[in-house]
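A quick write-up on the structure given underneath.
Each reported figure results from applying straightforward, stated rules to the coordinates on display, with no laboratory input. Quick caveat: nothing in here was measured; it's all calculated off a predicted structure. Please note: Cβ atoms are built from the backbone with ideal geometry, for glycine as well, and neighbour counts cover all protein chains shown.
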Amino acid sequence: MKEFVLIFRTSPNPDFNPSPEQAQEMMTSWMNWMGSIAAQDKLASQGSRLGISDAKVVQPNNVVTNGPFTEIKEFINGFIIVKTDSVEDAIAIAKECPMVKGGGGNVEVRRAVSPEDNS
Amino acid sequence: MTSEELIPHLFRTEFTKITAVLCKLFGIEHIQVAEDIAGETFLLALETWSYKGAPENPVAWLYAVAKNKAKNILKRNQTFSKKIQPQLKNSVVTSSEIEIDLSEKNITDSQLQMLFAVCHPSISAEAQISLALRILCGFGIEEIANAFLSNKETINKRLYRAKEKLHHEKVQIEFPSEKEIDKRLDNVLTTLYLLFNEGYYSESSDNILREDLCLEAMRLTYLLIENEQTNLPRVNALLSLMCFHASRFAARKNENGEVVLYQDQDEKLWNAELISKGIFFINKASQGKIISKYHLEASIAYWHTIKADTKEKWESILLLYNQLLQIEYSPVAALNRTFALSKVYGKQEAIKEAEKLQLTNNHYYYTLLGELYKDINNTKAKQYFEAAYSLAKTQTDKRTIKKKIAGL
């Protein structure tokens, strides 16, 4: 069993204003997707959504800026950690993510390196 | 009540109260002495009352006798009295100096403290339940053996080893500190939940015994709720969950002792009072922001008190299982979630999800697949039911599966 971190990214879309029904639908899709992973006993951590307010970048020489939204087109929305036998299985899970299926975002799949790994 | 009816009725309730107070007094290493005193008290009651008839105040009589027996032991045994009256190490303890407090408050406090002591993580879950049944619920060894489908020797050994372990670990009969209470409470709740399940799912044919197990679990949970420090949302949620499940007790088995599945149950046999109690406690549990697994399970159980197959019911149940599985995975929850999904999105979607589960050692997995394939592909459904049949271990389960095959 290996652990893979799924990092969610979206592009900010100022025209995106979901109606209450759409928002509800998105919530349901998301919960169904998370529930599906959990039902397969492949969820290692629910992770966290990462908030937009209080988002900062700390750089050398005491530079602290807001962001990194103004510099890049996408920002990280959150992450979860799954446990699967292979990266292919983790990718299969990521493909079902509502953000990926519905458009509007992407999922970066990264292996959580354990002491036994060399890669 | 005649003295013959009175004594068994009193035995369960008063035995445990007397034992709890004396255990607290003597310490965990002398649980046996506490049990013996309580036992002898009842023996005396049996002997005396059959001759002279029951006294006007049976409970007061029992308490008076128990107190006297305890005081005699303390007088005669220096080791005992030294433990509870350390300042009198070298003097003889007179009976008037020893107070055995059988007030309502001390009884409740002692029982609560015993509950924490007995549900201690250093002994196995089975041992915790057995000990709770014996000391806190006044069950006889044979009754406990019956409940576990075991025998007296095994239970006696289990109880003996558990008491030795508690003694060895120097477990104190006291309310856990503020630092520890959260974790210890979780342990107690798990044990009470398991105790309830023992009664609910027990294969024992003694229906009254099984119901008693559930009622005892509920009584002990209520003990926690009555105490300010442990009257927490998740405790109320657990009690709510137990009430909802217990409400269907009468409907779950027919006159032949066969299991009646939910969809076939007669709603009129569901206990409305227990359902409303469940609702009461789930409302109390909702005061607060933290959602425990018990909250989710209680909410699911609430939906099952409504037999009608509405979209709202199954959408709610699906969402609840989605949340529950993220907090704590269990194969049962995974299967139930998939069933709920079939009700909301149809069987084809559910089949896709079910095939991801791969719970190949679990007969319920194959039963679910059989149900999902029913009327879509009855050949496959039959294959799955037959796989379930070969994996099923109990007669009850095998019979249920056979009926499903016949229903194809």
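Each Cα pair under 8 Å and six or more residues apart adds its separation to the average, and for region B:104-206 the resulting relative contact order is 39 percent.
A simple spin-label model places pseudo-atoms 7 Å from Cα toward Cβ; at residue B:348 and residue B:152 they are separated by 6.3 nm.
Straightening the chain between residue B:72 and residue B:160 buys 29.1 nm, computed as 0.36 nm per residue apart minus the Cα-Cα spacing.
Net charge around residue A:32, counting only other residues with Cβ within less than 14 Å of its Cβ (Lys, Arg = +1; Asp, Glu = -1)?
On the way: positive: A:101, B:337, B:343, B:352, B:356; negative: A:25, A:96, B:315, B:349, B:353.
That works out to 0.
Averaged over the residues of B:311-320, the number of partner chain Cβ atoms lying within 10 Å of the residue Cβ comes to 1.
Going from the fewest other Cβ atoms within 10 Å to the most, the residues A:26, B:242, A:34 appear in the order A:26, A:34, B:242. Using the beta-carbon distance between residue B:59 and residue B:172 and R0 = 22 Å, what value does 1/(1 + (r/R0)^6) give for FRET efficiency, to the nearest 0.05? Efficiency computed from Cβ-Cβ geometry: 0.15. Once you treat every alpha carbon in chain A as an equal point and sum by Debye, what is log10 I(q)/I(0) at q = 0.15 Å⁻¹? Treating every Cα as an identical point scatterer, log10 I(q)/I(0) equals -0.79.
Each peptide among B:13-22, B:379-388, B:297-306 gets the average number of other Cβ atoms lying within 10 Å of its residues, and from highest to lowest they stand as B:13-22, B:297-306, B:379-388. Fully extending the segment from residue B:311 to residue B:402, taken as 0.36 nm per residue of separation minus the present Cα-Cα distance, adds 29.8 nm.
Computed from Cα positions, the angle between helix B:363-373 and the longest principal axis of chain B comes to roughly 30 degrees. Counting beta carbons within 10 Å around each of B:213, B:6, B:25 and listing the fewest first gives the order B:6, B:25, B:213. Here the simple spin-label model places points 7 Å from the Cα toward Cβ, and for residue A:91 and residue A:9 these points are separated by 1.7 nm.
Shielding by partners for peptide A:36-49, expressed as the average number of C-beta atoms from other protein chains within 10 Å of each residue's C-beta, is 5. For a distance above 24 Å, tell me the whole-number percent of Cα pairs in region B:290-408 that qualify. Taking all Cα-Cα pairs of region B:290-408, the fraction more than 24 Å apart is 30 percent.
May I ask you to sort A:84, B:360 by Cβ crowding, counting other Cβ atoms within 10 Å and putting the fewest first?
Numbers: A:84 19, B:360 9.
By the 10 Å Cβ count, ascending, the order reads B:360, A:84.
A protection proxy built from the mean count of other Cβ atoms within 10 Å ranks the segments B:182-195, B:260-273, B:161-174, most packed first, as B:182-195, B:161-174, B:260-273. If you plug the beta carbon distance of residue A:50 and residue A:21 into 1/(1 + (r/R0)^6) with R0 = 22 Å, you get a FRET efficiency near 0.25. Between residue B:186 and residue B:290, the simple spin-label model (points 7 angstrom out along Cα→Cβ) gives 0.9 nm.
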